[in-house]
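Single-structure report; data block below.
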Amino acid sequence: MTEDVGAIVLIANYYEYDFKKMLEELEDKTYDGICWKCDLEKVKEGMPVYIYYSSMPDGINRICLASEILKTDVEPELIRKSFNLDENSQVEKYILISKPKAIVPEQIDQFSFENLKKYNINNLQGKRYLYKQSHKQLLKLLAENTKNIGSKRIITELFGLSCEFAYDKNEIFHSTKHTTFKRENGLEYYESHHFIHRAQHAINNKPMSEFIESKDNIVILCPLCHNRIHYGSIKDKLYMVNKIYEKKKEIIKEKTNITLEQLHNMYLTSYELKKIDKEKNS
Ligand SMILES: [Zn+2]
Ligand SMILES: [Zn+2]
């Protein structure tokens, strides 16, 4: 029995996806939407499209955008024009999708890879179909949790990052701007720091690897703050660790049984720990 295709899922790698081009396309009047390379055969006009982003900096890959197929076969001339290709170059098959709606940021984790497994979406290696029967529930959930937002806001609300300490009141953070540089894909560069370090496989005999790789353990930092939390003075490191701990306290208590003291020990070198001991005893 052949199942009816209800929708398609397109995959984009966060670090490779050209957000700059997406913005240009959204503002370009030549198109009503965005061109997307797609050679799936069962695509039809009007079919819902979901865009799944992989390699998200917070570690959670998810569906971020929802759209609809406007055209299943974009004319090669338009594609050549859009990608600045010369007249003779061969172009692959492109579909045109409407300007995307964004998943409401507060609901975004519902569309993570883990949750998509509930809908039998176990493998997201490439473009794929969503069959009507098994994905009705998902389609409903998606329809309820998307909103129209302006093109620039799609990028900043869902994909834009900023340093955890960008707005911190402590004067040690005032001398830097916490902004970095634009990558080729149009997004500003930041780093993901694992609050409980990756080397920490277990804490108090509790395996940690699952928590370590989860969103709850990731802190987005500018390169300067990232180096400071690893290599800063004792005072600076502890300030940063305490601040992050305060913010994540609930989840850290629930998922790990690490104490603040253990966290401090994790961030301080043995030289620094000895120094603190000496000061205490003198
Ligand atoms: Zn920073
Ligand atoms: Zn780090």
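Pick from the range 160-176 the residues that are surrounded by 15 or more Cβ atoms within 10 Å (Cβ to Cβ) and not in a loop (DSSP other than H, G, I, E, B): which of them is nearest to ligand 1 (Cβ to nearest atom)? Within the range 160-176, the match that is nearest to ligand 1 (Cβ to nearest atom) is F173.
Scanning the range 159-179 for any residue that is without any contact (Cβ under 8 Å) to a residue 60 or more places away in the chain and in contact with a Pro (Cβ under 7 Å, 6 or more places away or on another chain) turns up nothing. Here is the figure for the range 232-265: residues that are touching a helix residue (DSSP H, G or I) at 6+ places or on another chain (Cβ under 8 Å) and in a helix (DSSP H, G or I) total 17. Filtered by the rule that a residue be of a type outside the set (K, R), away from ligand 2 (no atom under 14 Å from the Cβ) and more than 21 Å from the chain's Cα centre (by Cα), the range 190-232 gives H201, A202, I203, N204, N205, P207, M208.
In contact with a helix residue (DSSP H, G or I) (Cβ under 6 Å, 6 or more places away or on another chain), polar (S, T, N, Q) and in a loop (DSSP other than H, G, I, E, B) - does that describe any residue in the range 61-81? So far as the range 61-81 goes, yes, one or more of its residues are in contact with a helix residue (DSSP H, G or I) (Cβ under 6 Å, 6 or more places away or on another chain), polar (S, T, N, Q) and in a loop (DSSP other than H, G, I, E, B).
Output yes when any residue across the range 186-209 is part of a helix (DSSP H, G or I) and among the acidic types (D, E), and no when none is. The answer is no; no qualifying residue exists. Scanning the range 148-166 for residues that are within 18 Å of the chain's Cα centre (by Cα), of a type outside the set (V, I, T) and more than 16 Å from ligand 2 (Cβ to nearest atom) turns up S151, K152, R153, E157, L158, F159, G160, S162.
Each row is one residue, and each column tells you yes or no for (1) modelled with pLDDT of 90 or more; (2) outside the structural domain of L263 (by TED's automatic domain parsing); (3) surrounded by 14 or more Cβ atoms within 10 Å (Cβ to Cβ); (4) in contact with a strand residue (DSSP E or B) (Cβ under 6 Å, 6 or more places away or on another chain).
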| position | (1), (2), (3), (4) |
| --- | --- |
| H178 | yes, no, yes, no |
| G186 | no, no, yes, no |
| Y190 | yes, no, yes, yes |
| H201 | no, no, no, no |
| S214 | no, no, yes, no |
| K237 | yes, no, yes, no |
| Y245 | yes, no, yes, no |
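Among residues of the range 220-231 being in a helix (DSSP H, G or I) and of a type in the set (A, V, I, L, M, F, W, C), the one that is farthest from ligand 1 (Cβ to nearest atom) is I229. Looking across the range 29-52, the residues that are surrounded by 15 or more Cβ atoms within 10 Å (Cβ to Cβ) and either of a type in the set (G, A, S) or without any contact (Cβ under 8 Å) to a residue 60 or more places away in the chain (or both) come down to G33, V43, M47, V49, I51.
The values are calculated or read from the model by the stated rules, or taken from the named source; none is laboratory data. If you're wondering where the values come from, they're calculated on a predicted model, not measured in any experiment. No Cβ is skipped: glycine too gets one built from the backbone with ideal geometry, and neighbour counts run over all protein chains shown.
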